[in-house]
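Notes follow the structure.
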Amino acid sequence: MSFERSVFINCPFDPKYVELLRPILFCVLDLGFEPRIALERFDSAETRIEKIVELILACRYAIHDLSRLKSTRRNEISRLNMPFELGIDYGCRRFKGSPWDDKRILILERENFRYQAALSDLSGSDIASHKDDAATASKVVRNWLAQDLGSTTPGPTAIWSRFVDCMSDNFDALTARGYSTADIESQPVGELLVAMREWIVVHPL
């Protein structure tokens with residue numbers, strides 16, 4: 001996979017976040033990039049941190065979602081994996097040298113400026129808010145990647161419409177293969193990426 005076209009995605013893996021992750025993955029693919037994510041493969045013999053470092057080194061682009069920084073239930077511990085991996089990625093860009101010094105990083109949050117209470121060192125950085133909305137997340141990622149693609153890049157509404165069509169076709173195909181609705185909702189990311197790639201080949205921009 002090309003370093004120049006690879007996008008590392010560092011995000012929560014809880015069931016609710018799947019609603020945002022799927023359109024983000026599709027948007028990246030539809031614009032001709034390759035999403036890389038820890039869930040792309042499952043190997044119990046592989047340590048998670050080594051996999052993360054490998055992915056960071058393999059990608060010029062990175063999306064880091066910090067929207068799960070704050071605990072939501074009493075006695076729940078805040079989740080620090082996402083800011084930890086952002087720190088590794090920033091360190092790679094800052095200290096690794098060429099070609100990693102040309103890395104592009106997009107930091108996502110649910111609300112504007114909320115991150116400053118937990119990561120004040122990021123004050124002054126450009127942070128994008130997705131408001132926990134799938135279409136907004138797709139739009140933010142599209143607009144970020146479009147900076148390097150030029151004026152002919154399809155608009156956010158076009159990308160979102162194609163995502164909806166892709167997921168509808170995927171639902172029908174999986175149902176025909178004996179998947180239940182619950183099975184489809186928990187479809188492994190690696191399997192979903194294959195389906196998205198195949199759909200995009202048949203329905204090119």
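Just so it is clear, none of the values below were taken in a lab; they were calculated from the coordinates. Just so it is clear, the model here is predicted, and its values are computed rather than measured. No Cβ is skipped: glycine too gets one built from the backbone with ideal geometry, and neighbour counts run over all protein chains shown.
If R0 is taken as 22 Å, the Cβ-Cβ distance between GLU185 and PHE13 corresponds to a FRET efficiency of 0.95.
Of the residues SER44, PHE171, LEU108, the one whose Cα sits farthest towards the positive end of the charge dipole of the chain is LEU108 (charges of +1 on Lys and Arg Cβ, -1 on Asp and Glu Cβ, taken about the Cα centre).
Hydropathy first: keep DSSP H helices in the chain averaging at least 0.0 on Kyte-Doolittle, then drop any whose Cα extent along the axis falls short of 27 Å, and list what survives. Intermediate results must be reported in sequence, preceding the final value.
Numbers: long enough: 156-176 (30 Å, 0.19).
Long hydrophobic helices here: 156-176.
Quick one: grab the alpha carbon gyration tensor of the chain, order the square roots of its eigenvalues as a ≥ b ≥ c, and give me rounded if a/c is under 1.5, else prolate or oblate depending on whether a/b is larger than b/c. Because its axes are fairly even, with a/c under 1.5, the chain counts as rounded. In the elastic network of the chain, a GNM with C-alpha springs shorter than 10 Å, the most mobile of GLU46, GLU85, GLU185 is GLU46.
By the count of neighbouring beta-carbon atoms within 10 Å, fewest first, ARG177, ARG36, ARG5 end up ordered ARG177, ARG5, ARG36. As an exercise, use a Förster radius of 41 Å and the Cβ-Cβ distance of HIS203 and ARG79 to find the FRET efficiency, rounded to the nearest 0.05. So the FRET efficiency works out to roughly 0.70.
Once the other residues with Cβ under 10 Å from the Cβ of LEU106 are scored (Lys, Arg +1; Asp, Glu -1), what is the net sum? All intermediate terms of the calculation are to be shown ahead of the outcome.
On the way: positive: ARG104; negative: ASP65, ASP126.
Neighbour charge sum, excluding LEU106 itself: -1.
Considering the chain as a Gaussian network with a 10 Å cut-off on Cα pairs, which listed residue, GLU109, GLU34, GLU50, attains the greatest mean-square fluctuation? Looking only at GLU109, GLU34, GLU50, the largest GNM fluctuation is found for GLU50.
Rounded to the nearest 0.05, what FRET efficiency do PHE3 and ASP133 have when you use their Cβ-Cβ distance and R0 = 25 Å? For PHE3 and ASP133, the calculated efficiency is 0.20. Each of LEU55, LEU39 was scored by other Cβ atoms within 10 Å of its Cβ. Listed from fewest to most, they are LEU39, LEU55. Computed over the chain with a Gaussian network model linking Cα atoms closer than 10 Å, the most mobile of LYS103, LYS139, LYS16 is LYS16. Within the straight-line cut-off of under 12 Å between alpha carbons, the aspartates and glutamates reachable from LYS103 are GLU4, ASP89, sequence neighbours fewer than 8 places apart in one chain being disregarded. Please give the Cα centre distance for the stretch 160-204 versus the stretch 140-158, rounded to the nearest Å. Comparing the Cα centres of the stretch 160-204 and the stretch 140-158, I get a distance of 23 Å. Filter the cross-link list LYS96/LYS131; LYS16/LYS139; LYS16/LYS96 down to pairs whose alpha-carbon distance in this structure exceeds 27 Å. The pairs that break the limit, which is 27 Å between Cα atoms, are LYS96/LYS131; LYS16/LYS96.
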